[in-house]
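Taking it in order: structure first as structure tokens, then the write-up.
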Amino acid sequence: MTVKVQIRRNDLRRRGRQLQEEVTLAIDDSLIISKTIARQLAAVDTGEMRDKIEITKHPRYGSQIGTLEAKADHSIFIEYGTVNMDAQPFMTPAAEQGRRLFNKRMRAVLKK
């Protein structure tokens with residue numbers, strides 16, 4: 001009995017590009033959703049903290065890596081609280097929601 005497996009390199013390349021595009025879109029969508037949620041949850045006094053929640057893409061690694069950052073100096077104190085102030089998390093819940101969206105998208109991509 002003979003089993004013949006034929007894989008066309010062009011098919012692999014095309015699927016590889018499609019997969020990379022789908023992963024990039026999932027990352028971008030997850031970051032955008034996380035940013036939106038973080039801005040909605042952020043405590044607002046002057047609006048500085050909310051306005052300084054930013055997405056940074058890392059071109060050195062292509063579009064496969066991005067970060068969501070709260071760049072206001074006082075963000076960490078709001079997120080985790082202090083001795084005199086309770087925590088008001090906004091980045092952690094946003095990141096968790098983005099992670100869930102990304103995982104859901106990746107499961108769908110890998111089922112194709």
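The values are calculated or read from the model by the stated rules, or taken from the named source; none is laboratory data. Everything numeric here is computed off the predicted structure, so don't read it as measured data. As a convention, Cβ positions derive from the backbone with ideal geometry for all residues, glycine included, and neighbour counts pool all protein chains shown.
For the range 37-77, residues that are more than 30 Å from V23 (Cβ to Cβ), in contact (Cβ under 8 Å) with a residue 12 or more places away in the chain and assigned to a helix (DSSP H, G or I) total 2. Looking only at the range 58-77, filter to residues that are under 15 Å from T24 (Cβ atoms) and surrounded by 15 or more Cβ atoms within 10 Å (Cβ to Cβ); which one of those is modelled with the highest pLDDT? So the residue we want is G66.
Screening I33 on (1) in a helix (DSSP H, G or I); (2) loosely packed, with under 15 Cβ neighbours inside 10 Å shows it passes everything except condition (2).
Selection of the range 97-112 for residues being exposed (fewer than 13 other Cβ atoms within 10 Å of the Cβ), within 12 Å of the chain's Cα centre (by Cα) and either over 9 Å from S34 (Cβ atoms) or at pLDDT 95 or above (or both) yields R100, N103.
When you look at Q97, is it under 18 Å from T46 (Cα atoms) and out of contact with any His (no Cβ under 8 Å at 6 or more places or on another chain), yes or no? Spelling it out, it is not the case that Q97 is under 18 Å from T46 (Cα atoms) and out of contact with any His (no Cβ under 8 Å at 6 or more places or on another chain). Within the range 78-88, is even one residue touching a Lys or Arg at 6+ places or on another chain (Cβ under 9 Å) and either modelled with pLDDT under 95 or not in a strand (DSSP E or B) (or both)? No.
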